[in-house]
Structures are given as C-alpha cells and as structure tokens.
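The values are calculated or read from the model by the stated rules, or taken from the named source; none is laboratory data. Remember, predicted model here, so these are calculated numbers, not experimental data. Positions of Cβ are generated from backbone atoms using ideal geometry, with glycine treated the same way; all protein chains shown enter the neighbour counts.
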Amino acid sequence: MDHADAVPVAELLDERRHLLDVACWMLGDSREAETVVAEAYRRWYGLPDAKRGQIAVPRYWLAKTAGAICLGLLARPSRGATEKDAERDRTKATLEEEVGRVLLDALDSLSPAEWAAFVLHDAFGTTSDAVAGLVGRPEPECAELADRAGRSLRTRRSHSTPPEVHDLVARTVRQACVDGDAELLGSLLCPDATAFFDGGGKVRALNRPVHGSRQVAHSLLTLLARHPRTALATHPVNGCTGLIARYGHQVAAVISFDIAERRVAQVWVVLNPDKLRSWNQNQNQPPAPGPWP
C-alpha cells in the first residue's frame with residue numbers, strides 16, 4: 001500500500017460496516033456476510049494498481065462487488081428455497097423495527113435481483129447505473145423498483161391517524177364485513193390498498209399480497225364469509241382497534257389496519273396458528289361473541 005491508498009481509520013471501519021450491512025441485508029446471515037466482505041476486499045486488492053487507481057469511489061465498487069457475490073450465492077441451487085426463506089425471516093426479525101412491516105413484506109416477494117436493486121439503491125445510496133450493472137436490468141427499471149418500495153415506506157411513516165378515527169374506521173370495516181357490503185367496504189379502502197395474509201404455511205391462505213380496493217375488499221369478504229359458528233369483533237391489536245375472527249371459541253384470525261387519511265391503506269391478516277397460540281391461550285380474553293346477526 002502506497003501513500004495514495006492511505007485512508008483514515010474511521011473511513012475504513014465505516015466502509016467495512018457498510019459492506020457488512022449490504023451483505024447481511026441480502027443474505028440474512030451475518031457469518032456469510034463476513035465471508036462475502038472478505039472476498040470483496042480480496043478482489044479489490046487483486047486488481048492491478050493502475051486499475052484500482054482509476055476507481056473514483058472505492059466504496060461503491062466494493063458494494064457492487066459484494067452485491068454480485070451475494071447474488072451468486074442466492075442463485076446457487078444448493079441453497080434451496082427453504083434456506084432462502086429462513087434467511088429472509090432472520091433478516092426481517094433483525095430489521096423489522098428499523099424499516100417497518102410494509103417494506104419488509106414487500107421485499108419478501110422480490111426476486112434476489114429486485115431485492116438487490118432496492119437494498120443497494122434506496123437503503124445504501126448506490127448510484128442507479130451501478131445498481132443496473134449489478135442486477136443486469138435497465139437503469140430506469142431499477143430506479144422505478146427502488147422508488148416504488150420507498151413510496152410504500154414513506155406512506156407508512158408519514159400518516160398519523162388519531163385513535164378515535166382509527167377506531168371509527170375499524171368498526172365500520174367490521175360492519176361492512178358483517179353485512180357483506182362490498183360497496184361500503186371498498187369505499188373504506190385506499191384505491192391502492194394492500195392486504196397481507198400470514199398463514200405461515202400452516203393454513204391455506206393467500207401467499208401473495210392483494211392490491212387494489214376492489215380486490216382487497218373481495219379477499220376480506222371471502223375470508224370472513226358468514227357462517228353459523230363464526231364471529232367477528234373489534235379488539236385492540238398492536239395498540240389500535242383491529243378485528244378478531246373466531247370459529248367457535250377459537251381465534252382464527254387477527255386483523256390490523258394501517259390507516260391514511262381516514263381510509264385503510266394496508267390490511268394485515270394473521271392466520272398462522274403458531275402466531276395465534278397466545279391469543280387462544282390467554283385466559284383474560286373476553287368471552288367469545290355470538291354468531292353474526
């Protein structure tokens with residue numbers, strides 16, 4: 001290393017932390033991230049001195065290289081879909097408080113290339129041309145993907161709904177579902193509303209988000225169709241008014257809402273029996289309501 005390669009220690013450490021964050025976001029495994037970063041630096045120092053000197057921003061080159069290594073790992077057949085899902089789950093658990101559920105659920109449906117486009121562009125500030133070169137897609141397409149994901153996150157963070165408004169909307173949603181009123185329910189949803197159904201692979205639930213007010217209304221009315229042994233009631237969920245659906249005395253679904261400008265922007269439906277276990281074991285719950293009128 002000559003004097004031209006000298007870098008302040010704070011910059012070195014920050015750069016390494018940045019690369020580890022990129023790799024961990026993409027792989028969901030801190031140990032693999034360490035290996036990826038080591039390989040990225042190995043490739044950096046494997047460049048001829050002259051070529052290394054031509055790279056204006058080494059940090060971006062290293063991030064692009066680390067991302068490419070991650071994509072290669074994600075594409076390996078030996079990793080298998082189950083392992084990839086587990087890694088994403090670990091990433092979600094680590095980052096959920098930082099970036100919010102909307103974005104993470106959106107990221108869950110992305111391909112490795114799309115995941116890389118958002119992570120590198122929006123989360124780590126990599127230039128659009130560098131992201132396009134990494135994921136092998138046109139620059140406008142990469143930019144559009146990153147912008148769409150960013151808008152979802154900003155929508156979730158930018159709206160604050162007073163509790164009394166949230167309560168009123170949730171109760172009206174319940175009544176629309178009880179009455180099977182698709183028109184009323186649709187009017188309570190944002191035009192670009194999204195519903196997420198978490199079945200955990202344990203029940204036959206929708207495994208993709210549903211988009212659009214009509215489609216979301218239809219999916220909710222189908223899920224909550226009237227039955228002699230079913231009941232739907234309002235109940236606090238995550239500190240706000242949500243809905244609980246019971247089959248007999250068993251909680252079968254817990255539904256929460258993100259509300260923007262007096263309409264429902266996102267619907268979260270938990271159907272996974274494992275996640276509902278605490279609801280069904282909680283002896284302090286109110287008695288199960290009777291069937292829908």
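Brief remarks follow.
- Filter result for Leu243 (assigned by TED's automatic domain parsing to the domain that holds Asp179, touching a Lys or Arg at 6+ places or on another chain (Cβ under 6 Å) and at pLDDT 85 or above): yes
- If you go through the range 187-236 and pick out every residue that is in a loop (DSSP other than H, G, I, E, B) and either among the acidic types (Asp, Glu) or at positive phi (or both), you end up with 3.
- In summary, helices (runs of 4 or more DSSP H) completely within the range 1-102 and bearing 2 or more residues that are at pLDDT 80 or above and farther than 30 Å from Val267 by Cα occur at 9-27, 30-46, 49-53, 58-75.
- Tabulated pairs, the range 199-210, first in the same structural domain as Leu221 (by TED's automatic domain parsing) and modelled with pLDDT of 75 or more, second in a strand (DSSP E or B) and not small (Gly, Ala, Ser), C-beta under 7 angstrom, 6+ apart or interchain: Ala205/Phe197; Leu206/Phe197; Pro209/Thr194; Pro209/Phe196; Val210/Thr194
- Selection status of Thr127, among the hydroxyl-bearing types (Ser, Thr, Tyr), surrounded by 14 or more Cβ atoms within 10 Å (Cβ to Cβ) and at pLDDT below 90: yes
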